[in-house]
Amino acid sequence: MTAGATKHQETQYSTERVGIVVPTIGGRPEYLPLALQSIRAAGGNVYVLLIAPADFAAQQFLDSGLIDEFLPEPLEVSGAANLAAKINVGLRALPANIKYFNWLGDDDLLTPGSLDLAFARIQMHDHPVLVFGGCEYISPQGERIWDMPAGQWNVPLLRFGPQLIPQPGALYSRAAFEQLGGLSNKFGWAFDFNLFLGLSTIGKCIYLPHTLAKFRWHPGSLSVSKRSHSVREASAVRRSYLPAWLRPISPLWEWPVMQATYLAGIRVSKKLK
């Protein structure tokens, strides 16, 4: 039995109510401790699960209290191409009493108190299935580049425009996640977009006017290095949620949306340089 599994057993009846999964392959050792420290600073009642290859040296993070559990990833979900499946495994391995969760990239950051804010809102009487906020783009060194435009209007925009709901910093309902069948393995990059669009069809998605996370924009990030693939996948996601009669004419708006989304990423990369 691993040290992580033992800690899981000890806390399965505890009061942790928010879960964060951090998937990693161990390729960014300079960023991972910063990501984990930011989670601890983001909320006082958070269960952190790290999922990584079986030979990953996780004991230091267990001993320091930065994570609550280390989960060796099954071989069938190893590699960057299986990221959605890897995250699914991690989220479903969280203790059963956790009702709200998300994942955080090993190079991204949460802002102080952000999970406490999101948790307080998602528990309110209207029972939203998703709570999200603003996100700051930062350089590899952690310097601010720009702020992602965010607001309640990001929710209806999902159907016909770019995906502007920041995944880092959000919280969503575990029950709603399972109702949708989890993250789709059909998408290598736009699985978060597919999840948010699905959530918007079954419940309320609420914007919080706070910066909840920081997304590190660097060449090694999947959403940066595979920008054109990500843009095409996002288009496929949008079209899949259209009524059948609208799909044949969707290129009328899909092409300009795809071009604008791709060029926006190019502009951020140029600003970074």
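The values are calculated or read from the model by the stated rules, or taken from the named source; none is laboratory data. Please read these numbers as outputs of a predicted model, since none were measured by experiment. Note: ideal-geometry Cβ built from the backbone for every residue, glycine included; neighbour counts use all protein chains shown.
Listing for the model above:
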| quantity | calculated |
| --- | --- |
| Every pair of residues 6+ apart whose Cβ atoms lie under 9 Å, when the first sits in the stretch 124-146 and is more than 18 Å from W103 (Cα to Cα) and surrounded by 20 or more Cβ atoms within 10 Å (Cβ to Cβ) while the second is of a type in the set (V, I, T) and modelled with pLDDT under 95 | I138/I145 |
| Residue match in the stretch 107-114 (condition: of a type outside the set (D, E, K, R), under 25 Å from F187 (Cβ atoms), modelled with pLDDT of 95 or more and surrounded by 20 or more Cβ atoms within 10 Å (Cβ to Cβ)) | yes |
| Filter result for A42 (small (G, A, S) and either under 23 Å from N194 (Cβ atoms) or surrounded by fewer than 22 Cβ atoms within 10 Å (Cβ to Cβ) (or both)) | no |
| Hits in the stretch 170-192 (condition: assigned to a loop (DSSP other than H, G, I, E, B) and touching a Phe, Trp or Tyr at 6+ places or on another chain (Cβ under 7 Å)) | A170, L183, S184 |
| Top-ranked residue in the stretch 121-145 [being of a type in the set (A, V, I, L, M, F, W, C) and more than 19 Å from the chain's Cα centre (by Cα); ranked as nearest to S38 (Cα to Cα)] | I145 |
| Some residue of the stretch 76-89 being crowded, with 21+ Cβ neighbours inside 10 Å and farther than 26 Å from V129 by Cβ | no |
| Flag if G134 is touching a strand residue (DSSP E or B) at 6+ places or on another chain (Cβ under 8 Å) and within 24 Å of P29 (Cα to Cα) | no |
| In the stretch 147-201, residue surrounded by the fewest Cβ atoms within 10 Å (Cβ to Cβ) [restricted to those that are among the hydrophobic types (A, V, I, L, M, F, W, C) and free of Cβ contacts under 8 Å to residues at least 24 places away in the same chain] | W153 |
| Lone unmet requirement of (1) at pLDDT 95 or above; (2) over 15 Å from the mean Cα position of the chain (by Cα) for P162 | (1) |
| Selection within the stretch 199-218 - closer than 12 Å to V131 by Cα and outside any helix (DSSP H, G or I) | G203, K204, C205, I206, Y207, L208, P209, H210, L212 |
| Cβ-Cβ under 6 Å pairs, at least 6 apart or on other chains, the stretch 232-253 side in a helix (DSSP H, G or I), far side at pLDDT below 85 and of a type in the set (F, W, Y) | E233/W189 |
| Total residues in the stretch 46-67, condition out of contact with any strand residue (DSSP E or B) (no Cβ under 6 Å at 6 or more places or on another chain), among the hydroxyl-bearing types (S, T, Y) and touching a residue at least 40 places away in the same chain (Cβ under 8 Å) | 0 |
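Table: residues versus (1) within 19 Å of I20 (Cα to Cα); (2) at pLDDT below 95.
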residue	(1), (2)
L171	yes, no
A190	no, yes
L197	no, no
P219	no, yes
